1. Hey, which of these cross-link pairs are over 18 Å Cα-Cα: Lys252/Lys295; Lys94/Lys194; Lys231/Lys302; Lys144/Lys324; Lys153/Lys194?
2. Distance in nm between label sites at Ile100 and Leu198, each 7 Å beyond Cα in the beta-carbon direction?
3. Stretched out fully, how many nm does the piece from Ile291 to Leu189 gain, at 0.36 nm a residue minus the Cα gap?
4. Any chance you could run the full-extension gain for Lys245 through Glu337? It's 0.36 nm times the residue separation minus the Cα-Cα distance, nm to one decimal.
5. In a shell of Cβ-Cβ distance under 14 Å around Ser179, excluding Ser179 itself, what net charge do Lys and Arg (+1) and Asp and Glu (-1) give?
6. Calculate, in nm to one decimal, what Glu205 and Phe59 gain on full extension: separation in residues at 0.36 nm each, minus their alpha carbon distance.
7. Determine the sum of side-chain charges near Phe250: Lys and Arg each +1, Asp and Glu each -1, restricted to other residues whose C-beta is under 14 angstrom from that of Phe250.
Amino acid sequence: MALGKVYVGGLPDDATSKEVEDAFYKFGRIYKIAGESCQGLLTGLVTAEEERLEITNCFATARSEPVLDDESAQPTNNQNEEVKQQEMLDMLRKFRNMNIDYELVGFYQVHPFGACFNQDLVDSLNEYQTSFKDGVVLIYDPVKTRQGQLSLKAYRLSVAALDLCAKGDWSPEAVKAVSLTYETMFEELPITIKNSRLTNVMIAELALAPGKVPEKTAAHLELGTKRSLEKCVRTMMSNIDEMNKSIGAFTKYTSEKQRHDANIFNMTQKREVENEQRKQRGEPPISFDDIKRLKGPTLQTKNGMLESFLASADTEALAEFCTKVTGENIAKLFLAEAIAIDKRDTKDRSTSSVSGR
């Protein structure tokens, strides 16, 4: 049987590979499930007068074809990467021919709950901001948008974080020297959405057109957030586990650092006393170079403090989503209860009126 590719749309954002296999196993053997993440590039310009970044267009990047992770697949990987680069250049060339802004100003990604903070995001932002200082990333939250609230956020690395990325040093000492925390690692920029005049006219016509009013006027009172909240909390628990590992590694590093500093201090004091004695005997003092060359302990994590910063920022985004959704649900419950009581009272009054007649 020949192999074929099947593209399936309309799946929930939290659909697992097991759920997809259970739904489509009857059509044949499934060799690989490759989820297509929505991401792409942003084009625009910077207005010098107002010092404002305008994002005017965007286009999705090509998805890499799934290949086997072995040495024989390396040429295919390189070929797919070349195809992606060629498609990107071709799209920018078309933008330029059509007199559309073709300067790359950043990229966009889709992340449920707005939890976007990971190593790949930092590397991409560092690459864009190195070549274009005003580069940004737009984060789109499909979960919150499905609930009726358009969620778009713009981030970029702060100057201190960009400097640490350039040096590749995320040690506790380097982070402390620039006074960087997970809260100041990223800068969130305000977003102003502007539609063209034709778009505004179309929206006004749709709003005024008869028969366009949705039938379900109480859809905004639905409380169908159980599944998304459950996934959000599970992701938060996973991040907290990673943070606990980072805290354990940092605690171990702190104790070893204190022990190392104490040893250096004792050795320095001993050397100073010894040099005083040698000075009294007319002998040359002993250098402190051997003590200065002693290496201190290192934080036993992959990227120093970066992992804990990203986990903390991700957990904060998830906690903000849970707080906002639960608060809105409580307000919806009170509002729905008031509407139900009002309908019941109205029904009782109408029944009494009929009985009286």
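1. In this structure, Lys94/Lys194; Lys231/Lys302 lie more than 18 Å apart at Cα.
2. So the two model labels end up 1.2 nm from each other.
3. 32.0 nm
4. Stretched out fully, the Lys245 to Glu337 stretch lengthens by 28.6 nm.
5. Summing Lys and Arg as +1 and Asp and Glu as -1 gives -2.
6. Between Glu205 and Phe59, full extension yields 49.8 nm more.
7. +1
Taken together, the values in this text are just the output of simple stated rules run on the coordinates, not laboratory data. On a predicted model such as this, the values are computed, not experimentally measured, just so you know. With ideal geometry, Cβ positions are generated from the backbone for all residues, glycine too; neighbour counts draw on all protein chains shown.
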